[in-house]
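Enquirer: A single structure is presented below for examination.
The values are calculated or read from the model by the stated rules, or taken from the named source; none is laboratory data. All figures in this text were calculated on a predicted structure; none of them were measured in a lab. Here the Cβ is made from the backbone with ideal geometry for all residues, glycine too, and neighbour counts use every protein chain on show.
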Amino acid sequence: MAMDSTQFQDWTLQIKYVQERDAGLYECQVSSHPPTSIFIDLRVVEARADILGPSEKYLKSGSMLRLSCVLRQSTEPPVYVFWYHNNRMINYDRDRGVNVTSPVLSSTAVGSGATTGEGAEEGGEGATAAVGSEEPSEEEHASTLVIASAQKAHSGNYSCVPNNAQPASTYVHILNGECRGFD
């Protein structure tokens, strides 16, 4: 904690590296006659990731899988966002059909798996509507994972893990054969 007085009339309380345990009622008391107090109720909210759409997603084999991850209650964009499939990082698995797009990271993203969005939504023949294809709003920091032609091996748990927020997960089921209601 740091206290600062400029001009001896304005006082500032600064808490660096705020944690949930810092939440509560704070009192600023001035030793004057009569004494003066100001109370501040500090609420601490933690940034968290959210994968848009339902917590479980169902797709027909060969369909495009598109997962959009947004940050909620974040004061700044992440330095990086890692995507995991069944606890294995997949950001750079382009040879397996994985394409990760993080527009806010375009100046820092390096490697064959990071792009700035062009061509990320090509579904190819036989692709159906993408599951979880809700678009994040412009003010949300986001990352998108696209698999143009999802296969049974792409089934499993997907996690979006930004460096500055709690992670989010969703489970994807890739189904073979006819799937009524998924077209």
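Enquirer: Determine whether Arg72 is in the same structural domain as Ser169 (by TED's automatic domain parsing) and basic (Lys, Arg).
Expert: Judged against the criteria, Arg72 is a match.
Enquirer: Can you find a residue that is touching a strand residue (DSSP E or B) at 6+ places or on another chain (Cβ under 8 Å) and under 15 Å from Leu145 (Cβ atoms) anywhere in region 11-32?
Expert: Taking every residue of region 11-32 in turn, none turns out to be touching a strand residue (DSSP E or B) at 6+ places or on another chain (Cβ under 8 Å) and under 15 Å from Leu145 (Cβ atoms).
Enquirer: Looking only at residues that are modelled with pLDDT of 95 or more and either among the small types (Gly, Ala, Ser) or buried (at least 16 other Cβ atoms within 10 Å of the Cβ) (or both) in region 37-54, which one is nearest to Asn176 (Cα to Cα)?
Expert: So the residue we want is Gly53.
Enquirer: Among the numbered conditions (1) touching an Asp or Glu at 6+ places or on another chain (Cβ under 8 Å); (2) modelled with pLDDT under 90, tell me where Met64 comes up short.
Expert: The number of the failed condition is (2).
Enquirer: Right, Gly124: at pLDDT below 95 and either assigned to a strand (DSSP E or B) or on the phi > 0 side of the Ramachandran plot (or both) or not?
Expert: yes
Enquirer: Give me the residue from region 160-183 that is polar (S, T, N, Q) and closer than 16 Å to Met89 by Cβ and, out of that set, modelled with the lowest pLDDT.
Expert: Looking at residues that are polar (S, T, N, Q) and closer than 16 Å to Met89 by Cβ, I get Asn163.
Enquirer: Need pairs with beta-carbon distance below 9 Å; first residue touching a residue at least 60 places away in the same chain (Cβ under 8 Å) and within region 37-50, second among the charged types (D, E, K, R) and loosely packed, with under 10 Cβ neighbours inside 10 Å; sequence gap 6+ or separate chains.
Expert: Pairs that qualify, where the first residue is touching a residue at least 60 places away in the same chain (Cβ under 8 Å) and the partner is among the charged types (D, E, K, R) and loosely packed, with under 10 Cβ neighbours inside 10 Å, are Glu46/Glu20.
Enquirer: Let me ask something else. May I ask you to verify whether Gly62 is part of a loop (DSSP other than H, G, I, E, B), within 18 Å of Ala153 (Cβ to Cβ) and out of contact with any His (no Cβ under 7 Å at 6 or more places or on another chain)?
Expert: The answer is yes for Gly62.
Enquirer: Still on this model: Give the residue, chosen from Tyr17, Tyr80, Tyr58, Tyr92, that is without any contact (Cβ under 8 Å) to a residue 24 or more places away in the chain, assigned by TED's automatic domain parsing to the domain that holds Asn163 and not charged (D, E, K, R).
Expert: Tyr92
Enquirer: Give the number of residues within region 79-99 that are farther than 18 Å from Thr170 by Cβ and within 14 Å of the chain's Cα centre (by Cα).
Expert: Total meeting the criteria: 2.
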